[in-house]
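Engineer: Below: one structure in structure tokens.
Every number in this text was worked out from the coordinates using simple rules, so none of it is lab data. Computed from a prediction, not measured in an experiment: that's the story for all the values here. Ideal geometry is used to build each Cβ from the backbone, glycine not excepted, and the neighbour counts take in all protein chains shown.
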Amino acid sequence: MLRAISFAAVLLCCLPSSGLCSETARVSDATQACLSCHETVHPGVVGDWRSSRHSAVTPAEGMAVKTPGRMVSSETAPDDLVNVVVGCAECHTQNPGAHKDSFEHNGYDVHVVVTPEDCATCHKTERAQYADNVMAHAYGNLENNTLYGMLVKSVNGTLSYDKGKLAQSEPNAETNADSCLYCHGTIIEVGAPVARDTVMGEMEFPVLTGWPNQGAGRMNPDGSMGACTPCHPRHAFSMAVARKPYACKECHNGPDVPAYKVYSASKHGNIYASKFTDWNFKATPWKIGKDFTAPTCAACHVSLLAGADGEIVAERTHKMTDRLSWRIFGPVYAHPQPKLPNTDIITNKNGLQLPTTLDGQPATEFLISSEEMQIRRKTMQAACLSCHATDWVDGYWKRLDNTVAETNATVLAATRIMQAAWNKGLAQGPDKGSPFDEYIENIWTEAWLFSAHSVRYSSAMGGGGDYGAFADGRIFLNMQIRQMKDWFDLHAK
Amino acid sequence: MLRAISFAAVLLCCLPSSGLCSETARVSDATQACLSCHETVHPGVVGDWRSSRHSAVTPAEGMAVKTPGRMVSSETAPDDLVNVVVGCAECHTQNPGAHKDSFEHNGYDVHVVVTPEDCATCHKTERAQYADNVMAHAYGNLENNTLYGMLVKSVNGTLSYDKGKLAQSEPNAETNADSCLYCHGTIIEVGAPVARDTVMGEMEFPVLTGWPNQGAGRMNPDGSMGACTPCHPRHAFSMAVARKPYACKECHNGPDVPAYKVYSASKHGNIYASKFTDWNFKATPWKIGKDFTAPTCAACHVSLLAGADGEIVAERTHKMTDRLSWRIFGPVYAHPQPKLPNTDIITNKNGLQLPTTLDGQPATEFLISSEEMQIRRKTMQAACLSCHATDWVDGYWKRLDNTVAETNATVLAATRIMQAAWNKGLAQGPDKGSPFDEYIENIWTEAWLFSAHSVRYSSAMGGGGDYGAFADGRIFLNMQIRQMKDWFDLHAK
Amino acid sequence: MLRAISFAAVLLCCLPSSGLCSETARVSDATQACLSCHETVHPGVVGDWRSSRHSAVTPAEGMAVKTPGRMVSSETAPDDLVNVVVGCAECHTQNPGAHKDSFEHNGYDVHVVVTPEDCATCHKTERAQYADNVMAHAYGNLENNTLYGMLVKSVNGTLSYDKGKLAQSEPNAETNADSCLYCHGTIIEVGAPVARDTVMGEMEFPVLTGWPNQGAGRMNPDGSMGACTPCHPRHAFSMAVARKPYACKECHNGPDVPAYKVYSASKHGNIYASKFTDWNFKATPWKIGKDFTAPTCAACHVSLLAGADGEIVAERTHKMTDRLSWRIFGPVYAHPQPKLPNTDIITNKNGLQLPTTLDGQPATEFLISSEEMQIRRKTMQAACLSCHATDWVDGYWKRLDNTVAETNATVLAATRIMQAAWNKGLAQGPDKGSPFDEYIENIWTEAWLFSAHSVRYSSAMGGGGDYGAFADGRIFLNMQIRQMKDWFDLHAK
């Protein structure tokens, strides 16, 4: 506890505004060289960094912390980094040999894209967890799945209409980057350098394709997968920002994964929105009832939580599935979480790269066991039980299990109508092409991808409300199935 | 005024952070016993309570306040409660005889579900108002209405498809609790007790069905109806939280009652979101122009409002319809507010439990008179007139009346097409079954339940904007009617 | 710089809370007369004003500022205004001759509707810029365009169904005011005065039609166009409020112009929502990296921006298109910005008042040149480049250009199906009536007005995410076109 206090004291004395210590002396010469121009050229970046912990604390100070809240998980750091604050050069000049985007810039080998491998120097544990997180694999999980590729084409390809026929082109790279890959991540490739006029005269810079991108599963020029910036945006890289729900909203707001919408209409979201100005988002461990009184996304899924007396309630994790038993989104049915983060290896017994068959049978060998589901459920419930009694938590979980079963049953009805249409030749299914590129297939997709997901997110995130009923919920799920039936009967006549 | 000051002084000296008085001395022995375990076991609950007024003020102190802002409306409180702060035991051990969920717990008769009847000990007036509030009757208003039961089934029942037929099961209790009853409230019933291992060894606890639930019309184990926690979430039970719009959002955000969405896109919502960090949400009376400069939901519908000089502008009410003349949502037409909160007693002249006929004729004997409408309008306008001139307010109300008339006329067009389809046997209407379980009926439902409501909420809440035009508004209302016409013509061929 | 400091000192000493100067002495006698009643009658208005800069600073003090951040752009102000703070009378009694809504009120000629012409007394430059802003012309741009008039009727007209026919009335004035004109602005006309009982006895007041309204293109009783209050709401008229995104949300949230929705799910919006409580919204120039670290709507489109050292990055403008090259919304294709703010003068080569033909050919003579597009792009990019490197910004813009091209191509597919339906007589197109009043036409409208716009806003505002893919984005654009094809094939049989 003394050490925690002394860490707090260090932090306090080093905050730029405290005036108690000389920050400048702890900034490396290389970073000082960066700042000498970029403070003027990129004031937004530098200002954001100056507001950050990185600009005020050295790795050595971070490693001196021995309390559970310690944020620097590595035990050692390179000699040239350990006693300077984490500035421009500390990140942008690391591991230059690995970075294909590294270029000579005023005497330094600088790279554009700072990657999880760079962050791992100080945050080794978090990087390892994130490497095992399904999000880090988001690019390959989409691009290496033939069936998902058809969905991507259906969404991103440009349509044309000629002589009574509708045709669709393969989506181009810029469109994919602007659409699915905004969240899933692009491949960043390094092209030939170009010369640009700058305030320092003409200089050469690499030109990157797939850039800009901050997708969770970005394929980086140093060969690593993933990015830390989707949740810890540049250049403050703040834990507090990642703990607020807007970080998650960026990719979890649409009808396929309406987590933020459901949260913001939930009891938890209500309390958060009413009280967040009184909470402490910087403390770690994050103390339930003291630092905050209702969970954000991070509290349930990521953060190191403690009771008011400091007892640890949940360990910090950057593998988001550690506390998840069900995978509440399809395709096309909810199912136990996959065992491995690279989901493109999953094959159902009909040979499709799906975690269930189209009839709903799970590809069991690729999914976690019911014992493992139980363990993860208990991990999550530890957080719930800090505010709710056992009977409350049990009742809630029973309701979620019921929702998974009922929505899966309803999605089966939708899929059977879809299969009837495929069988009758009213649409061309997976045996003959894409199951996603005709109108009736799009209605089917809405049913399982949007409506069923809304219902399950609503159920999973503390209960019901409009998103389980009227707002994108059960009324739409059932209506879409009735629309499919109506369409089928009309076209089958 | 002196007393108000002295109340403020009491509050100040008793705030935990002030260090000026000994809170512990005022906590009852019973609550102290609860805290001795639950502070560790449920830090979230206890932390939230510690931040509350309840933890800092005794009923005696609350009753000593004689200003209009007084929050404890009861004139007396039981001897054992009056001089201790309102802690765990004060609520969870009240009226044990009435509580079927009461159980022996470490020497105390504790109940799980604290109800409005418990809160009434100190907040008698608010409880009486709420008992007369349509929200307290939300369970029965839904469950005891045959026609609404068909809508509930249509939304919550699970669909199956077999041999070209679509069938729908009765919704199960968990699904209903997760959907409609999340807001309307469940029935909470008490089952056989179970034994659970706890930090104190094995203990017995009751098992509740319909739990968890915080619906506004919850049917409680002590026989009471309603809940205070939908708006004053546990365990801070804060007035400030209820005054912010997120409290209402939980149940008034979906397309059927898009109050929050409309508010957050309105001028009032704009000012709120920009300035709320500068406002005082704790003051009562809530002084217009001093504590806040644009209304939240509570300001117009609930709160005790005063001018800057303390003159009362609107009395506090927990009967939400006190300031409402129109009921701007159907089914299926907007109409004058019902006279009584239990709307399941309403029967239109065709024998359906609806406030209007399907042709739009109001069931007048169940609805308030035009004189009463005028009185309620004036009550609401008192708040409007604190910021707006008479001409502004009149112009706005004229527009709302016009919107009610025009949307009712448009919903009539939708209903006439629906009736034509029923008459022609293209769908089975209320004479032959459910009017809500076929595709064309769902489109009709979207028209009056979603689109017409959006338009009216937009008009009622300060005017128009996207929710009256493009965002779920008039364009969709008209489009759905054209879709019905298109469908009818195609199927009637 | 000294003057800036002295301006800050003046401001500080004049803040009501500072107690350092006598505000009352600087309030004009006329305003004092207003306040003597209205402080009681309209506490909300007066309280809001008391919190404002207007209540604390005189025009003379505003004009003494010589730094770039100066907010009073006029060089002179009338003698009777220059040394008093800007109170009720200063605005509501200006230019009485021009104001048809001026009326005698307790010895003063007071007008109801304060207009941009009134504000121009002190804010001459902003008023001139706004007069040249497309928003100031929003009323005429809608009402004077025959084709748009058909869209307005399609949305706002009341439908009726009789003998198998659907008919639509012309929308009435109140409905239009409640719908499209809420944002576009009404015409405000002055009717005969009425007498009303007041606390001062009976008094006469003018009755206005088209009132209330705060639309951006309001047609005012003094003959001016526009309003300042949509973004600077009464009676604080705050720059800080206009800098927050909620000001824009009021009219830019719906599916046709989903700017706020996209922003709030973007990286910029994430950082804003997480950090706005730490930012300074009152400083001007608005210093990037110091006052704020991620842009709001105003930062990119309106505000005077500076680097941390005060160097100007972007000039303040109230002509919103100064930094815009593409007009990313149709009808019906994205195209270069119009040259002039009065877009109703635009005619395409088929004689329709549209900036492109229905086949997508731009009406070039009415649109800015590619050189001008380049200039505006550079103006906008100056802000981007304060946080992002050139390669990032270039990559982002390349993606936007691609999105414009691809969505235009897809809208062409939709339009070709629409034209096929018109040609085949399955619907009545612009040659025979309204192209907006049949079901299939509504689907076409959804495609170009809602889905294509979502995709483009998502692309334009920092990149993708759900609004470019699933949330109202590409999946819906393509689905609507497939629906049109499905409909066409069924009806053409």
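Engineer: So what's the net charge close to C:Ala427: Lys and Arg +1, Asp and Glu -1, counting the other residues with Cβ under 11 Å from its Cβ? Mind showing how you got there, number by number?
Structural biologist: Working: positive: B:Arg482, C:Lys424, C:Lys432; negative: B:Asp486, C:Asp437, C:Glu438, C:Glu441.
Overall, the nearby charge balance is -1.
Engineer: Next question. What trypsin sites (Lys or Arg not before Pro) does the stretch C:379-467 have in DSSP loop regions with at most 16 other beta carbons within 10 Å? Walk me through the intermediate numbers first.
Structural biologist: Numbers: sites: C:Lys398, C:Arg399, C:Arg416, C:Lys424, C:Lys432, C:Arg456; in loops: C:Lys424, C:Lys432.
Within the stretch C:379-467, the qualifying trypsin sites (Lys or Arg not before Pro) (loop, at most 16 other Cβ atoms within 10 Å) are C:Lys424, C:Lys432.
Engineer: With 18 Å as the limit, write out which pairs from B:Lys267/C:Lys249; A:Lys275/C:Lys282; A:Lys165/C:Lys485 have Cα-Cα distances beyond it, or answer none. Could you put the intermediate results ahead of the total?
Structural biologist: Working: B:Lys267/C:Lys249 10 Å; A:Lys275/C:Lys282 24 Å; A:Lys165/C:Lys485 9 Å.
Violating the 18 Å limit, Cα to Cα: A:Lys275/C:Lys282.
Engineer: I've got another one for you. Estimate the FRET efficiency between A:Ala382 and A:Glu104 by the formula 1/(1 + (r/R0)^6), using the beta-carbon distance for r and 56 Å for R0, to the nearest 0.05. Display every interim value, and only then the final one.
Structural biologist: Working: r = 51 Å, r/R0 = 0.91.
Here the calculated transfer efficiency is 0.65.
Engineer: In deg cm²/dmol, rounded to 500, what helix-only [θ] at 222 nm does chain A give when every DSSP H run of at least 4 residues adds -39500 (n - 2.57) and the total is split over its residues?
Structural biologist: Helices in chain A give a 222 nm mean residue ellipticity of -12000 deg cm²/dmol.
Engineer: 7 Å from Cα along Cα→Cβ at both A:Ala60 and B:Ala195: what's the point-to-point distance in nm?
Structural biologist: Label at A:Ala60, label at B:Ala195, 6.0 nm between them.
Engineer: Could you tell me the center-to-center distance, by alpha carbons, between the stretch C:362-377 and the stretch B:58-113 in angstrom?
Structural biologist: That distance is 72 Å.
Engineer: When the dipole is taken about the Cα centre of chain B, and only Lys, Arg (+1) and Asp, Glu (-1) are charged at their Cβ, what size is it in debye, to the nearest 20?
Structural biologist: Details: 43 positive and 52 negative charges, 361 e Å.
The calculated dipole for chain B is roughly 1740 debye.
Engineer: Next up: Using only alpha carbons, build the gyration tensor for the stretch C:403-443 and give me the equivalent ellipsoid semi-axes, biggest first, whole Å.
Structural biologist: Working: eigenvalues 91, 20, 13 Å².
Square roots of five times the eigenvalues give 21, 10, 8 Å.
Engineer: Using DSSP to define loop residues, name the GluC sites (Glu not before Pro) in the stretch C:35-107 whose beta-carbon has at most 10 other beta-carbon atoms within 10 Å. Kindly include the intermediate steps, with their values, before the conclusion.
Structural biologist: Details: sites: C:Glu39, C:Glu61, C:Glu75, C:Glu90, C:Glu104; in loops: C:Glu75.
Counting only loop positions with at most 10 other Cβ atoms within 10 Å, the GluC sites (Glu not before Pro) in the stretch C:35-107 are C:Glu75.
Engineer: Which one of B:Tyr139, B:Tyr108, B:Thr76 is farthest out on the positive end of the charge dipole of the stretch B:59-154, using unit charges on Cβ (Lys, Arg +1; Asp, Glu -1) and the Cα centre as origin?
Structural biologist: B:Tyr139
Engineer: In nm, one decimal, shortest first: how far is the label point of A:Ile345 (7 Å from Cα along Cα to beta carbon) from the matching points in the other copies?
Structural biologist: Here A:Ile345 shows inter-copy label distances of 6.7, 6.7 nm.
Engineer: Between the stretch B:119-192 and the stretch B:313-336, how many Å separate their Cα centres?
Structural biologist: 21
Engineer: Would you mind computing Rg(Cα) / (2.2 N^0.38 Å) for the stretch C:291-352, counting N as its residues?
Structural biologist: Cα Rg divided by the expected 2.2 N^0.38 Å: 1.51.
Engineer: Would you kindly give the portion of the calculated P(r) for the stretch B:238-318 that falls above 16 Å, as a percent of all Cα pairs? List each step's numbers first, then the result.
Structural biologist: Working: 1582 of 3240 pairs.
The calculated P(r) of the stretch B:238-318 puts 49 percent of pairs beyond 16 Å.
Engineer: Is there a quick way to get the dipole size of the protein assembly as shown? I mean about its Cα centre, with the Cβ of Lys and Arg at +1 and of Asp and Glu at -1; what is the value in debye to the nearest 20?
Structural biologist: Working: 129 positive and 156 negative charges, 142 e Å.
The calculation lands at about 680 debye.
Engineer: Now a separate question. What is the log10 of I(q)/I(0) for chain A, computed with the Debye formula using one identical point scatterer on each Cα and no solvent, at q = 0.09, 0.12, 0.13 Å⁻¹?
Structural biologist: -0.71, -1.17, -1.31
Engineer: Over the Cα atoms of the protein assembly as shown, what is the Rg over Rh ratio if Rh follows Kirkwood? Walk me through the numbers on the way to the answer.
Structural biologist: Working: Rg = 31.8 Å, Rh = 33.8 Å.
My calculation puts Rg/Rh at 0.94.
Engineer: I'd like the distance separating the alpha-carbon centroids of the stretch A:427-487 and the stretch A:378-423, in whole Å.
Structural biologist: 15
Engineer: Sorted from shortest, what are the nm distances separating the label point of C:Asn280 from equivalent points in the other copies, each placed 7 Å from Cα along Cα to C-beta?
Structural biologist: Going from nearest to farthest copy, the values are 2.7, 2.8 nm.
Engineer: Related question: Take the stretch C:114-228, drop everything but the C-alpha atoms, weight them equally and run the Debye formula without solvent; then report log10 I(q)/I(0) at 0.11 Å⁻¹ to two decimals.
Structural biologist: At q = 0.11 Å⁻¹ the computed log10 ratios are -0.49.
Engineer: Looking at chain A, do any whole DSSP H helices span at least 30 angstrom along their long axis by alpha carbon and average -0.5 or above on Kyte-Doolittle, and which?
Structural biologist: Numbers: long enough: A:390-423 (49 Å, -0.34).
Span-like helices, by this rule, are A:390-423.
Engineer: Using a label position 7 Å from Cα in the Cα→Cβ direction, what is the ascending list of nm distances from C:Gly97 to the same site in the other copies?
Structural biologist: For C:Gly97, the inter-copy label distances come out at 8.5, 8.5 nm.
Engineer: How many Å³ per residue does the convex hull of the Cα positions in the stretch B:372-493 occupy? Let's see the in-between values first.
Structural biologist: On the way: hull volume 13.5 nm³, N = 122.
Hull volume normalised by residue count: 111 Å³.
Engineer: Here is a further query. Give me the distance in nm between label points sitting 7 Å out from Cα along the Cα-to-Cβ direction at C:Thr209 and C:Val82, one decimal.
Structural biologist: In this crude label model, C:Thr209 to C:Val82 measures out at 4.3 nm.
Engineer: Just checking the output field for A:415-422: average partner chain Cβ neighbours within 10 Å of each residue's Cβ? If you can, show how the numbers build up before the last one.
Structural biologist: Details: counts 1, 6, 4, 1, 1, 3, 0, 0.
Counting Cβ atoms of other protein chains within 10 Å of each residue's Cβ and averaging gives 2.
Engineer: Look at the axis of the rotation that sends chain C onto chain B, then give the chain C residue with the nearest Cβ and the distance in whole Å.
Structural biologist: Its Cβ sits closest to the axis: C:Thr277, 4.
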